[in-house]
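This report concerns only the one structure given below.
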Amino acid sequence: MGKKILLEHINVPGIETYEVYRKTGGYASVEKALKMTPTEIVEEVKKSGLRGRGGAGFPTGMKWSFIGKNNPTHHLVCNADESEPGTFKDRYLMEKLPHLLIEGMITSSIALEAHLSYIYIRGEYMWVYRILERAINEAYANGWLGKNIKGSGFDLDLHVTCGAGAYICGEETALIESLEGKRGNPRIKPPFPAVVGLYGNPTVVNNVETIMDVPWIVMNGGEEFAKIGIGKSTGTKLISASGNIKKPGVYEIELNVPVEEFVMSDEYCGGMQTDRPLKACVPGGSSVPILPAELLFKTAKGEQRLMTYESMSDGGFATGSMIGSGGFIVYDDRQCIVRNTWNFSRFYHHESCGQCSPCREGTGWLEKVTWRLEHGFGREEDIDLLWDIQRKIEGNTICPLGDAAAWPVAAAIRHFRHEFEYHVRFPEKVKDRKHFEYEPWEKVKYLMAKQEAMAV
Amino acid sequence: MTEKLSNDDKSNSSPSGRLGGVILSDKTIARIELLKSRFPEGKKKSALLTILHEVQDENNDWLSVEAMDKVAEVLGILPIEVYEVVSFYSMYNQKPVGKYVFEFCRTSCCVTRGAEDLMDYTCKKLGVEMGEVTADGLFQVKGVECLGACGYAPMLQLGDFYQEFLTPEKMDALIEDCKAGKIQKLSAV
Ligand SMILES: Cc1cc2nc3c(=O)[nH]c(=O)nc-3n(C[C@H](O)[C@H](O)[C@H](O)COP(=O)(O)O)c2cc1C
Ligand code: SF4
Ligand code: FES
C-alpha cells in the first residue's frame with residue numbers, strides 16, 4: 001500500500017463531523033501555522049514541490065509567492081467547480097473530509113495574508129455545498145474562523161458559494177467573474193489574478209486537492225512531502241478512475257506508480273471490466289490527448305510509463321499525454337473513438353462561453369463534422385478538415401478551453417486515423433451506434449484490407 | 001433518440017423570459033439576507049447565483065420575469081444584470097419544467113457504461129423524446145454534461161440529488177418513487 005496523505009483517515013466513522021476530525025489531529029496545522037510567519041509557510045510549500053492538482057500542475061509555492069504585495073487586501077479562492085469530464089475526486093474529498101478543506105483554507109490564508117476567502121463549488125453539488133456550509137459553521141463555533149483566531153490576532157472569514165452549471169467557471173478568471181455575480185466569461189491575462197483578482201484585489205485560486213495537501217505539508221515539512229514520488233512529481237495524487245474497468249472510483253497514489261499496475265492491480269482499477277481488451281485511455285480528464293493502448297503502459301521509447309507529470313507527458317503530444325486533473329478514463333474495444341471525439345466536441349461546444357470566435361465557431365464545427373462522420377455521413381476530406389479546424393483554434397483564444405477542445409480531436413486523428421477512415425468508407429456499418437460492440441476491431445481491419453485489395 | 005446533432009437547448013437562451021409571478025417566503029428572505037452578509041459592502045451582487053437557486057427552488061424550479069426582477073430589487077442591481085446571468089448558466093430555467101426532471105449525464109465516461117441505452121429506455125418507457133415533458137407534466141428527460149460522478153455511471157441528477165449505478169430496474173423503481181411523491185428535497189433534509 002502506498003502512502004496516504006489525504007485519505008489516511010477516510011474510513012474513520014464520523015470523520016465528516018468536527019469532533020471526530022479534531023480527535024484525529026485535525027486543525028493542528030492551523031495552530032502551528034499561527035506561530036509561523038507567512039514567508040515560512042510559503043517556503044515549506046515551495047520545498048514540498050507541490051504542484052496544482054486542478055489540471056495545469058503549476059508549482060503552488062511559486063504561485064503563492066507572486067501574490068501582489070502592493071495591495072494589502074488578499075483573497076484565497078478554492079476552485080471546487082470540478083466539471084472536467086472524468087474527474088470526480090474533489091466531490092469525494094469534500095463529502096468525506098469537509099474539515100480538511102477548511103483547515104487547508106485557514107492555513108493557506110495565513111500564508112497568503114488573506115482575511116476573506118471563498119470556496120466556489122459547482123451548483124450541481126448542492127448537497128455538498130450544504131455539508132461545507134455546516135462544517136464552516138462548526139469551525140466558526142469552535143473559534144477557527146472569525147476575529148482573532150485562537151487569540152493569535154489573525155482574522156479570517158471563510159464562506160462557500162456556488163455556481164449554476166457552467167464548465168467554464170472552473171477556469172480561474174471565469175470563476176472570479178462568476179463569484180462576483182456575473183456571467184462566467186474568462187478575463188484576458190495579464191493581469192493575472194495574483195495581481196488583479198477578486199474585487200480587483202490580489203487573489204490566489206487553488207484546487208480543492210491542492211489546498212487539502214497544505215495541512216500535511218505544514219505539519220510534516222515540505223521535505224517530507226518531496227520524499228514521496230519521483231523527481232518533480234512529489235507527494236500523492238488522487239486519481240478518478242472511470243470507464244471500462246472493474247473498479248471505478250477514487251484512488252490516492254504516490255506519484256511513482258506504473259500505469260500498468262494502476263490499471264491492472266486489484267489495489268486500484270482491478271483490470272478491465274469484461275474480457276474485451278483495452279483500446280485507449282484518456283489519462284487526465286477530457287482535455288488531454290487520448291493514448292492508444294500501445295502507448296499507455298510503455299512510452300514510445302519502450303520505457304515503463306509511470307503515473308507522474310513527466311512520464312505521462314513523455315513524447316510530448318506526438319506519443320504522450322498529460323496527467324492533468326487525474327481523470328483517468330479507460331476505453332475497451334467496444335468503444336468508438338470517433339463517437340467519443342464527437343462526444344467531447346459536443347461537450348466543448350456546449351461549454352464554450354462564446355467570447356472568442358475561434359472557440360465559439362470552431363467548437364461548433366468540430367461537433368458538426370465529428371457528428372456526421374460518426375453517423376455515416378462523413379466525407380473523405382472531413383478528416384483533414386477536422387485537423388485544420390483544431391489547428392486554427394489552438395493558441396488563438398482568450399482562455400485554454402479552446403486548446404482543450406482542440407487537443408482531443410488532434411490526438412484522436414493522430415492515433416486513430418484508420419478509425420475515422422473506416423467511418424468514411426463503411427457508412428452503413430457505423431449507423432448503428434454499437435458498431436464496435438458487434439464487430440470487433442480485428443474484423444473491421446480485415447474489411448478495410450479487403451476493400452483496399454479490391455481497389456488495386 | 002439521443003442521436004440528434006443539435007445539442008443546445010435553445011429554450012434557455014431566450015433573454016426575454018416568461019411571466020409567471022413570484023413567491024418569496026419569509027424564510028427565503030431571511031436566507032437571502034444571510035447570503036448577502038457573506039460578501040463585503042458594495043459587492044453584494046456576489047450572492048446572485050446562490051440567491052437565484054433559492055428563489056428557483058421556491059418557485060417550481062423556474063425563474064419568471066417577475067422572479068428575476070424581484071431578485072434584482074433585493075440586490076439593488078439592474079434587471080438586465082440578473083437576466084444575463086440567468087441565461088448564461090444551465091441550471092436556471094426560464095420556463096416551466098416537468099415536476100421530475102431526469103438529467104442524465106451523457107458525457108463520455110457515462111456513455112462507456114451504458115448511459116445512452118438507459119436514456120433510450122427511459123424515454124421509451126415514459127413515451128417522450130429527449131427534452132419533452134410528459135402529458136401529465138410529471139416527467140422530463142434531459143441529457144446534460146458530466147456531473148462529476150463518472151466512476152458511478154450511469155447516473156442522473158433528479159432534483160437536489162444524484163442517482164448512481166443505474167439499471168433499467170432502478171429506473172423503474174425511481175419512476176414509481178416519483179409517482180408516489182417519495183423524492184426527498186434538500187431543504188427537508
Ligand atoms: C476550461 C477550464 C476548466 C477548468 N476547470 C477546473 C476545475 O473544474 N477545477 C480546478 O481545480 N481547476 C480547473 N481549471 C484550472 C484552473 O484554471 C486553475 O488553473 C486551477 O484552479 C488552479 O489551481 P491549482 O494550481 O491548485 O491547480 C480549469 C481550467 C480551464 C481552462
Ligand atoms: S476560449 Fe472559448 S471558453 Fe475561453 S474565453 Fe474564448 S470563447 Fe470563452
Ligand atoms: S461523464 Fe458522466 S458524470 Fe462524468
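The values are calculated or read from the model by the stated rules, or taken from the named source; none is laboratory data. This is a predicted model, so every value here is computed, not measured. As a convention, Cβ positions derive from the backbone with ideal geometry for all residues, glycine included, and neighbour counts pool all protein chains shown.
Assorted remarks:
- Filter result for residue A:287 (within 16 Å of ligand 2 (Cβ to nearest atom) and outside the structural domain of residue A:424 (by TED's automatic domain parsing)): yes
- Any hit, segment A:59-78, residues being surrounded by fewer than 18 Cβ atoms within 10 Å (Cβ to Cβ), in contact with a strand residue (DSSP E or B) (Cβ under 7 Å, 6 or more places away or on another chain) and away from every other protein chain (no Cβ under 14 Å): yes
- For segment B:61-91, the set of residues classified as part of a loop (DSSP other than H, G, I, E, B) and closer than 11 Å to residue B:17 by Cα consists of B:62, B:63, B:64, listed by residue number.
- Reported count of residues in segment A:145-197, each being more than 13 Å from chain B (Cβ to nearest Cβ) and within 16 Å of ligand 3 (Cβ to nearest atom), is 0.
- Check on residue A:369, away from ligand 1 (no atom under 16 Å from the Cβ), within 14 Å of chain B (Cβ to nearest Cβ) and in contact (Cβ under 8 Å) with a residue 60 or more places away in the chain: no
- Residues in segment B:78-113 that are hydroxyl-bearing (Ser, Thr, Tyr) and either within 16 Å of ligand 3 (Cβ to nearest atom) or within 8 Å of chain A (Cβ to nearest Cβ) (or both): B:89, B:90, B:92, B:107, B:108, B:112.
- For segment A:298-306, the condition holds for no residue, the condition being that it is of a type in the set (Ser, Thr, Tyr) and within 14 Å of chain B (Cβ to nearest Cβ).
- Summed over segment A:374-404, residues that are more than 16 Å from ligand 2 (Cβ to nearest atom), within 14 Å of chain B (Cβ to nearest Cβ) and on the phi < 0 side of the Ramachandran plot total 4.
- The set of residues in segment A:144-168 being in a loop (DSSP other than H, G, I, E, B) and either touching a Gly at 6+ places or on another chain (Cβ under 8 Å) or in contact (Cβ under 8 Å) with a residue 24 or more places away in the chain (or both) consists of A:144, A:145, A:152, A:154, A:155, A:163, A:164, A:165, A:166.
- When residues of segment B:128-166 are limited to those that are among the polar types (S, T, N, Q) and more than 14 Å from chain A (Cβ to nearest Cβ), the one nearest to residue B:106 (Cα to Cα): B:140
Conditions tested, residue by residue: (1) free of Cβ contacts under 8 Å to residues at least 60 places away in the same chain; (2) more than 23 Å from residue A:347 (Cα to Cα).
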{"position": "A:253", "(1), (2)": "no, yes"}
{"position": "A:274", "(1), (2)": "yes, yes"}
{"position": "A:277", "(1), (2)": "yes, yes"}
{"position": "A:280", "(1), (2)": "no, no"}
{"position": "A:285", "(1), (2)": "no, no"}
{"position": "A:293", "(1), (2)": "yes, yes"}
{"position": "A:296", "(1), (2)": "yes, yes"}
{"position": "A:303", "(1), (2)": "yes, yes"}
{"position": "A:306", "(1), (2)": "no, yes"}
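- Subset of segment A:352-366 (residues that are surrounded by fewer than 24 Cβ atoms within 10 Å (Cβ to Cβ) and over 13 Å from residue A:186 (Cα atoms)): A:357, A:358, A:360, A:361, A:364, A:365
- Flag if residue A:238 is under 24 Å from residue A:25 (Cα atoms) and within 14 Å of chain B (Cβ to nearest Cβ): yes
- Number of residues in segment A:303-358 that are more than 15 Å from ligand 1 (Cβ to nearest atom) and aromatic (Phe, Trp, Tyr) equals 4.
- Segment B:75-109, residues that are crowded, with 20+ Cβ neighbours inside 10 Å, more than 25 Å from residue B:122 (Cα to Cα) and of a type in the set (Val, Ile, Thr): B:82, B:85, B:86
- Residue check for residue A:245: farther than 23 Å from residue A:330 by Cα and either without any contact (Cβ under 8 Å) to a residue 60 or more places away in the chain or β-branched (Val, Ile, Thr) (or both): no
- Listed by first and then second residue, the pairs with beta-carbon distance under 6 Å, at least 6 apart or on different chains, first residue in segment A:114-134 and within 16 Å of residue A:175 (Cβ to Cβ), second among the small types (Gly, Ala, Ser) and not in a strand (DSSP E or B), are A:117/A:109; A:122/A:83; A:122/A:163; A:123/A:163; A:123/A:164; A:123/A:165.
- Scope segment A:1-38; condition part of a helix (DSSP H, G or I), free of Cβ contacts under 8 Å to residues at least 12 places away in the same chain and of a type in the set (Val, Ile, Thr); matching residues: A:20
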